[in-house]
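To start, the structure itself, in structure tokens.
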Amino acid sequence: MGQTTEELKQEIADTRGNLSETLDAIGDRVSPGRMVERKKNRMSNGIRGAVDRVMGTAHDAADAVRDAPGGVASRAEGAPLAAGAIAFAAGFLLAVVFPATEAEAAVTGRLVEPVKQELGTVGQEMAEHLKEPAQDALAQVKESAQQSVDTVKESATQTVADTKDHARDAVASVKGEATSS
């Protein structure tokens with residue numbers, strides 16, 4: 001049997017509420033600020049994951065170095081080449097662990113400084129070359145967002161019109177049943 005006017009009013013209110021929630025969700029999804037925030041969060045999580053992997057690898061390496069003396073002695077017995085390679089590796093590890101002397105730092109500084117300058121120049125050139133594509137990408141995102149907003153507005157307008165038509169039809173139906181009863 002037909003619905004009462006109170007039921008129809010409640011159904012229309014529920015439909016409006018659902019429509020409002022849907023429009024809010026769509027607006028949040030196409031908001032440039034929210035898009036940037038989601039991308040930033042993805043990048044941050046990716047970097048955090050990479051740091052965790054590197055730290056795990058460093059921890060594993062530290063454990064291997066700690067456990068190495070016992071294993072080295074057992075493997076090096078009767079193999080002079082292996083003992084030499086192990087000694088070389090131990091020397092390399094010690095060189096990495098202990099800080100460089102002033103003379104080593106001076107030589108390294110003279111060699112590294114030109115490379116640093118060249119890398120800085122290359123980095124600036126890359127930034128200049130990437131500026132225009134980044135601006136183009138931003139313009140495309142803005143245009144896409146505006147198109148999405150327009151689409152959502154059109155859809156919302158049509159949905160509101162459809163809901164009003166449905167409500168009018170329902171009211172007419174209820175009136176018709178009330179007058180025929």
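Restricting to region 116-135, give me the number of residues that are surrounded by 10 or more Cβ atoms within 10 Å (Cβ to Cβ) and closer than 20 Å to Lys39 by Cβ.
Residues meeting the conditions: 5.
Any idea which of Val141, Val152 is surrounded by 11 or more Cβ atoms within 10 Å (Cβ to Cβ), out of contact with any Pro (no Cβ under 8 Å at 6 or more places or on another chain) and assigned to a helix (DSSP H, G or I)?
Val152
Would you mention how many residues in region 88-115 are surrounded by 10 or more Cβ atoms within 10 Å (Cβ to Cβ) and of a type in the set (D, E, K, R)?
2
For region 155-176, enumerate the residues that are surrounded by 13 or more Cβ atoms within 10 Å (Cβ to Cβ) and not hydroxyl-bearing (Ser, Thr, Tyr).
Listed by number, the residues that qualify are Ala156, Val160, His166, Ala167, Ala170, Val171, Val174.
Residue check: is Ala134 under 30 Å from Thr22 (Cα atoms) and either modelled with pLDDT under 80 or of a type in the set (Gly, Ala, Ser) (or both)?
Spelling it out, it is not the case that Ala134 is under 30 Å from Thr22 (Cα atoms) and either modelled with pLDDT under 80 or of a type in the set (Gly, Ala, Ser) (or both).
Collect the residues in region 145-165 that are farther than 15 Å from Ser20 by Cα and in contact (Cβ under 8 Å) with a residue 40 or more places away in the chain, keeping them in residue-number order.
Matches in region 145-165: Ala145, Ser148.
Return the pair list, or none, for Cβ contacts closer than 9 Å from residues in region 81-94 that are at pLDDT below 75 to residues that are of a type in the set (Asp, Glu), at least 6 apart or on different chains.
Going by the 9 Å Cβ cut-off, the qualifying pairs are Ala83/Glu77.
The values are calculated or read from the model by the stated rules, or taken from the named source; none is laboratory data. Just so it is clear, the model here is predicted, and its values are computed rather than measured. Don't worry about glycine lacking a Cβ; one is built from the backbone with ideal geometry, like all the others, and counts go over all protein chains shown.
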